[in-house]
Amino acid sequence: NIHDENFKHNFQREDVARDFVKHNLPKRLLDKIDLSTVTIASTEFIPSKYRGSRRADILYSAKDKQGDDIYILVHLEGQSRHDKYMAIRIWEYHVAIAREHVRRGGSKVPLILTFVLYHGKEKWTSAESIADLFKDFDLYVDVALRSPFLVNLSHVELKALQNQEAAAAPQMIKKGQARGDFC
């Protein structure tokens, strides 16, 4: 609608982007950002299933004071009711933005932040952060984000695999398959 288009038009101005970032980022992060580098980034980073008819997503990029990329997604929520799955959708955005950044040659995933500007009359009752999705977010961070996900069978000794009870055989077969040695 015309109000959403006007809002998006204004948020695509770089002076508005810089001021929004300046007034909405936590101070700890704001101290690390070079505000003069805040620009509008391509929305191609946003998953196409959300990009199509929804024209309210704006992606800002910036550099930190060391010159590394930071992405800030401003999602202009135009619904009159909240989306109970918004935090999951944001998580999908983060993964898509990270994937596209790496595909374009980035060696590490940059910091990706999201803001949802909600203006509905209904009270927002769903998650307000990705952390709110988890029963035990600290445990998730420790075991899913900080712990290695790789079980590198090519470096695991057969003796160590033999101690894994019922899980030993399929791993030993897989290890043998790669080496051409099933014995």
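The values are calculated or read from the model by the stated rules, or taken from the named source; none is laboratory data. Remember, predicted model here, so these are calculated numbers, not experimental data. Heads up, the Cβs are rebuilt from the backbone with ideal geometry, glycines too, and the neighbour counts pull from every protein chain shown. Each accessible area value is taken on the protein alone, full model and side chains, heavy atoms only, with ligands, DNA and RNA left out. Shrake-Rupley method; radii C 1.70, N 1.55, O 1.52, S 1.80 Å.
Please determine, in degrees from 0 to 90 and to the nearest 10, the orientation of helix 168-179 with respect to the longest principal axis defined by the Cα atoms of the chain, where the helix direction is its Cα long axis. Around 90 degrees separate the two axes.
The value of relative contact order for the chain, using C-alpha pairs under 8 Å at least six residues apart, is 16 percent. Of [x] 111; [y] 185; [z] 151, which one was derived for volume of the Cα convex hull per residue in Å³ from the structure shown? It is the one labelled [y].
Of the listed residues MET172, MET86, the order by accessible area with a 1.4 Å probe, largest first, is MET172, MET86. Considering only ALA87, PHE149, LEU35, and ranking their Cα positions along the charge dipole of the chain that arises from unit charges at the beta-carbon of Lys, Arg, Asp and Glu, the one farthest toward the positive end is PHE149. Comparing SER107, SER126, SER154 in a Gaussian network model of the chain, where Cα atoms under 10 Å apart are tied by springs, the biggest mean-square fluctuation is seen for SER154. Under 20 Å of direct C-alpha separation, and excluding same-chain neighbours fewer than eight residues apart, LYS174 reaches these aspartates and glutamates: GLU157, GLU165.
Rounded to the nearest 5, the antiparallel percentage of DSSP beta bridges internal to the chain is 60%.
For the chain, the longest stretch holding no chymotrypsin sites (Phe, Trp or Tyr not before Pro) located in a DSSP loop with at most 16 other Cβ atoms within 10 Å is which?
Maximal segment without exposed cleavage sites: 1-84.
Per residue, the convex hull spanned by the Cα atoms of the range 105-183 measures out at 199 cubic angstrom. For the range 75-144, the square roots of the Cα gyration tensor eigenvalues, ordered a ≥ b ≥ c, give a/c of at least 1.5 with a/b no greater than b/c, which places it in the oblate category.
Measuring nothing but protein heavy atoms, the accessible surface of the range 99-138 at 1.4 Å probe radius is 51 percent carbon and sulfur.
Between 0 and 90 degrees, the angle of helix 86-103 with respect to the longest Cα principal axis of the chain falls at about 70 degrees. Round to the nearest 10 and give me the degree value, 0 to 90, for the angle of helix 14-24's Cα axis relative to the longest principal axis of the chain. Once rounded, one gets 70 degrees.
Please give the calculated 222 nm ellipticity per residue for the chain, where each DSSP H segment of at least 4 residues contributes -39500 (n - 2.57) and the sum is spread over every residue; nearest 500 deg cm²/dmol?
So the calculated ellipticity at 222 nm is -10000 deg cm²/dmol.
Can you flag which of LYS22/LYS65; LYS8/LYS108; LYS84/LYS123; LYS22/LYS84; LYS27/LYS63; LYS27/LYS121 are past 21 Å Cα-Cα? The answer is LYS8/LYS108; LYS22/LYS84; LYS27/LYS121.
Think of the chain as a dipole: +1 on every Lys or Arg Cβ, -1 on every Asp or Glu Cβ, centred on the Cα centre; then among VAL21, ILE97, ILE2, ILE97 lies furthest on the positive end. Solvent exposure of the chain amounts to 68 Å² per residue of accessible area, where only protein heavy atoms count and the probe is 1.4 Å.
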